[in-house]
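One structure below.
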Amino acid sequence: MNLRERLMDYSLGNNLRLYWRLFRWRERTKNRLTADILTFLLNRIAHKRGGYIGRDAVIAGIPSLPHGLHGIYISRYASIGAGCRIYQNVTIGEVNGKAPQIGDGCLIGANAVLVGDIHVGDGAKIGAGAAVSCDVPAGATVVAQPPRVIESEVIADTLVS
């Protein structure tokens, strides 16, 4: 990648290498003051890019964010597995201090909303614009509102409560 491409990538807000370095450093630090300073820096970087990742969010590996942090909100109680792909304007929110637990290799489409104490199985796909508030089996594809499974490797009844 030449200098011009790097500058364009950085100006678009898609270069999140520094963000993830600081994120991992904050996870490892034992000093409260250092953690607070890193949290401040992380919040500033995320805010500049229009997103938010909660202080206590557990994220395995580095998720693929094709559009950067643009519009992404991840609750501080959320847990996201390795190899997940999250598109723009996704909300992974909490209800009464409980947030989604997302498995490895999941895909979450643009404008999707996942809220509450739910579990999303490994390899699940959440379609664009879906609002999910109940468990999603591994390998399932969930679309629309109300959410429904359109295909699944695991036999599932219905997601509508």
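If you count only protein heavy atoms with a 1.4 Å probe, what accessible area per residue comes out for the stretch 10-128, rounded to a whole Å²? Working shown, then result.
Details: 5920 Å² over 119 residues.
Normalised by residue count, the accessible surface of the stretch 10-128 is 50 Å².
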Per residue, the convex hull enclosing the Cα atoms of the chain spans a volume in Å³ of 114 Å³
Degrees, to the nearest 10: 17-28 long Cα axis against longest axis of the chain:
80 degrees
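Kindly provide the helix-only [θ] at 222 nm of the chain, computed as the sum of -39,500 (n - 2.57) over DSSP H runs of four or more divided by all residues, to the nearest 500 deg cm²/dmol?
Value at 222 nm, helices only: -7500 deg cm²/dmol.
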Tell me, what HN-Hα J-couplings in whole Hz come from the Karplus equation 6.51 cos²θ - 1.76 cosθ + 1.60 at θ = phi - 60° for each residue of the stretch 107-124, using x for Gly and Pro?
10, 10, x, 4, 6, 6, 10, 10, 9, x, 7, 10, 10, 10, x, 4, x, 6
List the lysines whose Cα sits under 22 Å from the Cα of Lys98, skipping any in the same chain fewer than 8 residues away.
Lys125
Highest mean packing first, using Cβ neighbours within 10 angstrom, the peptides 86-98, 102-114 sort as 102-114, 86-98
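Provide the percentage of antiparallel DSSP beta bridges, counting only those with both residues in the chain; round to the nearest 5.
Values: 4 of 27 bridges.
Around 15 percent of the beta bridges assigned by DSSP in the chain are antiparallel ones.
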Per residue of the stretch 40-46, in order, report the coupling 6.51 cos²θ - 1.76 cosθ + 1.60 (Karplus, θ = phi - 60°) as ³J(HN,Hα) in whole Hz, putting x for Gly and Pro.
4, 4, 4, 5, 5, 5, 5
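Sorted by mean Cβ packing within 10 Å, highest first, what order do the peptides 122-130, 24-32, 40-48, 62-70 take?
Values: 122-130: 20.2, 24-32: 11.2, 40-48: 14.7, 62-70: 17.6.
Descending mean neighbour count gives 122-130, 62-70, 40-48, 24-32.
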Amide H of Ile59 versus every other amide H placed in the peptide plane: which residues, excluding those fewer than 5 positions away on the same chain, fall under 5 Å?
Ile80
Summed side-chain charge close to Gly116 - residues other than Gly116 whose Cβ falls under 13 Å, Lys, Arg +1, Asp, Glu -1
-2
Counting sequence-distant residues (5 or more places) and residues on other chains, those with an amide H built under 5 Å from that of Ile53 are Ile74
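The values are calculated or read from the model by the stated rules, or taken from the named source; none is laboratory data. Everything quoted here is computed from the prediction, not taken from an experiment. Here the Cβ is made from the backbone with ideal geometry for all residues, glycine too, and neighbour counts use every protein chain on show. Calculation scope for accessible area: heavy atoms of the full protein, side chains included, ligands and nucleic acids excluded. Shrake-Rupley method; radii C 1.70, N 1.55, O 1.52, S 1.80 Å.
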